[in-house]
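A.B. asks: Attaching a single structure in structure tokens format; questions to follow.
The values are calculated or read from the model by the stated rules, or taken from the named source; none is laboratory data. For clarity, every value in this text was computed on a predicted model and none was experimentally measured. Neighbour counts run over all protein chains shown; Cβ positions are idealised from the backbone, glycine included.
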């Protein structure tokens, strides 16, 4: 197991040192895989995005800027991979596979059944559904700041937006999630954009 920092491993890998790849993969793989899964929504899509991201990292390694954060660089590449996949699918709708739009999520969750109740829907499921409904930029802003705990400055660099724009995107995502949780019978607790959820009757 290497004790080197990811930035040093990436510097070596970018310089052509193939022995740096394995420890770099062990270091960056878990958080990058989590990001890809949350970005894509479906496990199969997330795995594909993750694999393609590492392929692009390999092809673009010579462009890595020394002393920059390699994981943040990888997040930006993963987002580019995901957007490319969205564009490709829009040109070939017959290859979409399992749908992720709101109507399909409603069908899968049984909301088209008038006798279906909200009792079976846990908070995690509600969050996943609502993330799938969000605009891609709002969703990524939420994931980077709330789940990956990046600073607004770092999230803005990944998204290619101003810090103010990222704050607004993240705030809209938080508000959308709080509203969805409330409608599903959960009461968000906490102030501002830092909160947990409990059953509404608690």
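A.B. asks: Only one residue in 140, 126, 81, 65 is in contact with a strand residue (DSSP E or B) (Cβ under 9 Å, 6 or more places away or on another chain) and modelled with pLDDT of 60 or more. Which one?
C.D. replies: Every option except 126 fails the conditions.
A.B. asks: A follow-up question, please. The conditions are (1) crowded, with 21+ Cβ neighbours inside 10 Å; (2) at pLDDT 95 or above, and residue 36 fails exactly one of them. Which is it?
C.D. replies: (2)
A.B. asks: Follow-up. Of the numbered conditions (1) surrounded by fewer than 15 Cβ atoms within 10 Å (Cβ to Cβ); (2) closer than 26 Å to residue 16 by Cβ, residue 86 satisfies every one except a single condition; which is it?
C.D. replies: Residue 86 satisfies all of (1) surrounded by fewer than 15 Cβ atoms within 10 Å (Cβ to Cβ); (2) closer than 26 Å to residue 16 by Cβ except (2).
A.B. asks: Continuing with the same structure: Identify all residues within region 19-44 that are over 22 Å from residue 145 (Cα atoms) and either within 18 Å of the chain's Cα centre (by Cα) or free of Cβ contacts under 8 Å to residues at least 40 places away in the same chain (or both); write none if there are none.
C.D. replies: 19, 20, 21, 22, 23, 25, 26, 44
A.B. asks: Restricting attention to region 89-103, and to residues there that are closer than 20 Å to residue 47 by Cβ and surrounded by 11 or more Cβ atoms within 10 Å (Cβ to Cβ), which single residue is modelled with the highest pLDDT?
C.D. replies: The extreme case among them is 89.
A.B. asks: When you go through 68, 80 one by one, which is the residue that is surrounded by fewer than 20 Cβ atoms within 10 Å (Cβ to Cβ) and under 17 Å from residue 27 (Cβ atoms)?
C.D. replies: Testing whether each residue is surrounded by fewer than 20 Cβ atoms within 10 Å (Cβ to Cβ) and under 17 Å from residue 27 (Cβ atoms) leaves just 68.
A.B. asks: Select, from 25, 13, the only residue that is buried (at least 17 other Cβ atoms within 10 Å of the Cβ) and on the phi < 0 side of the Ramachandran plot.
C.D. replies: Answer to the check: 13.
A.B. asks: So which pairs qualify, if the first residue must be in region 135-149 and closer than 14 Å to residue 86 by Cα, the second must be part of a helix (DSSP H, G or I), the Cβ gap must be under 6 Å, and the two must be at least 6 apart or on different chains?
C.D. replies: Within 6 Å, the pairs are 137/169.
A.B. asks: Picking from 89, 61, which residue would you name as being in contact with a helix residue (DSSP H, G or I) (Cβ under 8 Å, 6 or more places away or on another chain), more than 23 Å from residue 154 (Cβ to Cβ), assigned to a helix (DSSP H, G or I) and not assigned by TED's automatic domain parsing to the domain that holds residue 152?
C.D. replies: 89
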